[in-house]
1. Given the conditions (1) touching a Phe, Trp or Tyr at 6+ places or on another chain (Cβ under 6 Å); (2) touching a residue at least 12 places away in the same chain (Cβ under 8 Å); (3) not aliphatic (A, V, I, L, M), which single one is not true for Glu110?
2. Is it true that Ala118 is in contact with a Pro (Cβ under 6 Å, 6 or more places away or on another chain) and surrounded by 16 or more Cβ atoms within 10 Å (Cβ to Cβ)?
3. Report every pair of residues separated by at least 6 positions or lying on different chains whose Cβ atoms are under 8 Å apart, first residue within segment 139-153 and under 14 Å from Gly95 (Cβ atoms), second charged (D, E, K, R) and modelled with pLDDT of 95 or more.
4. Listed residues Arg135, Arg100; which is of a type in the set (D, E, K, R) and out of contact with any Leu (no Cβ under 7 Å at 6 or more places or on another chain)?
5. Show the residue pairs meeting these rules: Cβ distance below 7 Å; 6+ apart or different chains; first residue within segment 167-180 and surrounded by 12 or more Cβ atoms within 10 Å (Cβ to Cβ); second residue part of a loop (DSSP other than H, G, I, E, B).
6. Pick out, from segment 81-198, the helices (runs of 4 or more DSSP H) lying fully within it that include 1 or more residues that are over 15 Å from the mean Cα position of the chain (by Cα) and farther than 23 Å from Asp54 by Cβ.
7. How do the pairs read when you match residues in segment 65-80 that are over 13 Å from Ala159 (Cβ atoms) and in contact (Cβ under 8 Å) with a residue 60 or more places away in the chain with residues anywhere that are assigned to a loop (DSSP other than H, G, I, E, B) and small (Gly, Ala, Ser), using Cβ under 7 Å and keeping only pairs 6 or more apart or on different chains?
8. Take Ser106 and tell me if it is of a type outside the set (A, V, I, L, M), within 18 Å of Trp36 (Cβ to Cβ) and surrounded by fewer than 21 Cβ atoms within 10 Å (Cβ to Cβ).
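The values are calculated or read from the model by the stated rules, or taken from the named source; none is laboratory data. Quick caveat, the model's predicted, so the values are computed rather than measured. Virtual Cβ from ideal backbone geometry, glycine too; neighbours counted across all protein chains shown.
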Amino acid sequence: MEEMEIVPWAEAFLDEYRLHQSEGEENHLTGDTQIWKRPQEGRLKINTDAGIGDEGVGLGVVVRNHMGEFVMAAAKQVRGIQDPTMGEALAVEFGLQLARQHHMVSPIMEVDCVNVVAGVRRAAGIQTELGVICRNIGKLLEETGGGTIQHVSRKANEAAHIMAHVRTLWDRAEVWFDRPPLILLDQLKIDDVTFPYQ
């Protein structure tokens, strides 16, 4: 490794180490929900996930209201990203960009990557590309009226996981409003038995 490459590599290594050291603490702080639960009345819950593929990452977003009703879903493919944590952070950022664009106030963000939750909470000290994205997530949370981010299990995030594997054109989002894509129907029913669509 060249001498000029050592410092950035060491900083990135230290950032990753700090994030991994906080995993136990973050699980305790966020409750690590095991099943999807409706948000409190008047709030929207936005689940996000990423799926790494051969050429890049798929980003998935699912938005539901306090009655468990489908509001919106989105999918996007980003070429060249192979790091799972970076993909998860991009998915949260994508979800929050959609929330801001569609005037969603104070959303509850759920992600199954504890390192992203920790990264957002400690973004000021992370001097990598991941840190830049985590700082932007924090800014977007503020811009949406004080949104929150929390860690959930994969089981509680399965709908977003499905959307992360929907194939779209590279770097172009597909968005569904009011009626979910067919691929999502079964999971929405599993998550909430009162789901109205057949």
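1. (1)
2. Criteria not met by Ala118.
3. Here the result reads Leu140/Glu93; Leu140/Arg100; Glu143/Arg100; Thr144/Arg100; Ile149/Glu110; Gln150/Glu110; Val152/Glu110; Val152/Asp112, each pair linking segment 139-153 to a residue that is charged (D, E, K, R) and modelled with pLDDT of 95 or more.
4. Arg135
5. Listed by first residue and then by second, the contacts come to Glu174/Thr168; Pro180/Tyr197.
6. Result: 84-101, 129-143, 185-191.
7. Here the result reads Lys76/Ala173, each pair linking segment 65-80 to a residue that is assigned to a loop (DSSP other than H, G, I, E, B) and small (Gly, Ala, Ser).
8. no
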